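Enquirer: One structure, pasted below without further comment.
Read the figures in this text as sums done on the coordinates, not as results from a lab. Computed from a prediction, not measured in an experiment: that's the story for all the values here. Quick reminder, even Gly has a Cβ in these numbers, built from the backbone with ideal geometry, and neighbours come from all protein chains shown.
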Amino acid sequence: MSSEDQERARSRFVEQFAMVLNDAGMQRMPARVFAYVLASDAETHTASELADGLQVSAAAISGAVRPLIDMGILVRDRVPGDRSDHYRIYSDDVWSTIIGRQESMFRHIDVLLTNGLRALTPGAGRRRVGETREFYRFLNSQVDTLALRWRAHQAALTTSPEPARAASSE
């Protein structure tokens, strides 16, 4: 496969993955930036490189990186002597980072649902809100276990020759 074909294939993947992330609730441009940085072999990217790679304006990149930094997905760094900001994935274990950052959201949802239960009179609506609160409490109680299980799974992947063989045959 020529380098041009590889670049087209990567661009198709970035756009497809970004659509999935957008469908899951991430804004379109942050989803595109995240998918691009995730799929790139480069360790860091300037805003200009991101804009060129995604064929968008620098202003679009500026607006897209802020929420990714706020979510803890991207980090902005400076290289000594360089005036440009450089963006990189926060951690090689980006998925554990993302899942670990959900705790504050779960706490916020718990407070809202608890307040809702206090405001509602007994009935079907109150029951559904109570069940929703318990669902989120259950999810929150599983985050640490899920992160540990992911790390164990990830460690098994890196020690097994199978993933490397599967990736190289695609």
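Enquirer: Compute a Gaussian network model of the chain, connecting alpha carbons closer than 10 Å, and tell me which residue from ASP93, ASP82, ASP70 fluctuates the most.
Expert: Comparing ASP93, ASP82, ASP70 in the GNM, the peak value goes to ASP82.
Enquirer: Can you compute the helix-only [θ] at 222 nm over the chain? Use -39500 (n - 2.57) per DSSP H run of at least 4 residues, normalise by all residues, nearest 500 deg cm²/dmol.
Expert: Taking each H run of at least 4 residues, the total per residue is -24000 deg cm²/dmol.
Enquirer: To make sure I understand, if each residue's beta carbon is the centre and we count other beta carbons within 10 Å, what order do SER11, SER160 fall in, fewest to most?
Expert: Lowest to highest Cβ neighbour count: SER160, SER11.
Enquirer: Determine one quarter of the surface area of the Cα convex hull of region 47-162, which equals its mean projected area, and express it in nm² to one decimal.
Expert: 12.0
Enquirer: Compare LEU146, LEU21, LEU112 in a GNM of the chain, Cα atoms joined below 10 Å, and give the one with the largest fluctuation.
Expert: Greatest mean-square fluctuation among the candidates belongs to LEU112.
Enquirer: For the chain, modelled as a GNM with alpha-carbon contacts under 10 angstrom, which of ALA147, ALA155, ALA39 fluctuates the most?
Expert: ALA155
Enquirer: Between ARG118 and ALA59, what is the spin-label point distance in nm, taking each point 7 Å from the Cα along the Cα→C-beta axis?
Expert: Here the modelled spin labels are 4.5 nm apart.
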